[in-house]
Amino acid sequence: MILSDSRILEEIAKGTIVIEPYDRKNLGSNSYDVHLGKYLAVYNDNMLDARKHNAITHFEIPDDGYVLQPGQLYLGVTEEYTETHAHVPFLEGKSSTGRLGIDIHATAGKGDVGFCNSWTLEISCVHPVRVYAGMPIGQLIYFPVEGEVVNKYDKKVDAKYAGRTDKPVESMMWKNKF
């Protein structure tokens, strides 16, 4: 079951869903539109190693936009900071974004109960496309959770992506033991 617009509004009023900045016009019938933040990042090395910390370089999207290139992974960030304390948030690309040939996440569309941050986007494209800070990029949908959540993300001692940021965050796979 997905929360409807009225249920999302109820949860915002209760504080179990937080969206900053919030604008009522971005609330759809069962989702909330999120926007591309002003920062992108790229990995510094061409070959990445899952067991090592792979450094990235952040840059600001100019006012006249930035042209994404195929074959390059870009890390982006949502303009919106979100908190989800009682639901499972899913981030999906908007159909208009997809129709431009832009994918906003490679694998990580599901958040955890207790996730409190902006969303890092794993952006790729099939042909060159100019993007702009503030453009609609995706939509959040919320699923109710059945049963008590014992291990909320924001309370986990080993949560790799906790802490508020307005810039994209690189992979922290290297912190895992394998």
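The values are calculated or read from the model by the stated rules, or taken from the named source; none is laboratory data. Because the structure is predicted, anything quoted here is derived from the model rather than measured. Note: ideal-geometry Cβ built from the backbone for every residue, glycine included; neighbour counts use all protein chains shown.
So Ser124 clears everything in (1) small (Gly, Ala, Ser); (2) buried (at least 19 other Cβ atoms within 10 Å of the Cβ); (3) closer than 14 Å to Leu75 by Cα except one condition, right? Which one?
Looking at each condition in turn, Ser124 falls short on (2).
Please find, within segment 161-178, the residue that is nearest to Tyr74 (Cα to Cα) out of those that are among the aromatic types (Phe, Trp, Tyr) and assigned to a loop (DSSP other than H, G, I, E, B).
Out of the qualifying residues, it is Tyr161.
For segment 59-69, does any single residue satisfy the condition of being at pLDDT below 95 and either crowded, with 20+ Cβ neighbours inside 10 Å or not in a loop (DSSP other than H, G, I, E, B) (or both)?
Taking every residue of segment 59-69 in turn, none turns out to be at pLDDT below 95 and either crowded, with 20+ Cβ neighbours inside 10 Å or not in a loop (DSSP other than H, G, I, E, B) (or both).
Filter segment 7-51 for residues that are over 26 Å from Val169 (Cα atoms) and loosely packed, with under 11 Cβ neighbours inside 10 Å and give the result.
Across segment 7-51, the qualifying residues are Ala13, Lys14, Arg24, Lys25, Ser29.
May I ask you to say which residue of Glu11, Glu60, Glu92 is over 19 Å from Tyr132 (Cα atoms) and of a type outside the set (A, V, I, L, M)?
Glu11
Can you tell me which condition Val169 does not meet? The list is (1) in contact with a Ser or Thr (Cβ under 6 Å, 6 or more places away or on another chain); (2) closer than 17 Å to Thr16 by Cα, and all the others hold.
(2)
Within the set of pairs 6 or more residues apart or between chains, which connect a residue that is over 16 Å from His58 (Cα atoms) inside segment 153-178 to a residue that is among the hydroxyl-bearing types (Ser, Thr, Tyr) and at pLDDT 90 or above with Cβ atoms less than 8 Å apart?
From residues that are over 16 Å from His58 (Cα atoms), the pairs are Tyr161/Thr120; Arg164/Tyr81; Arg164/Ser118.
Of the numbered conditions (1) polar (S, T, N, Q); (2) closer than 16 Å to Ala133 by Cβ; (3) surrounded by fewer than 20 Cβ atoms within 10 Å (Cβ to Cβ), Asn54 satisfies every one except a single condition; which is it?
(2)
For every residue, the table says whether it meets (1) under 26 Å from Val149 (Cα atoms); (2) aliphatic (A, V, I, L, M); (3) under 12 Å from the mean Cα position of the chain (by Cα).
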site	(1), (2), (3)
Ala13	yes, yes, no
Asn26	no, no, no
Ala86	yes, yes, no
Ala108	yes, yes, yes
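Select from segment 144-171 the residues that are surrounded by fewer than 15 Cβ atoms within 10 Å (Cβ to Cβ) and in contact with a His (Cβ under 8 Å, 6 or more places away or on another chain) and write down the one among them that is nearest to Ile102 (Cα to Cα).
It comes out as Pro144.
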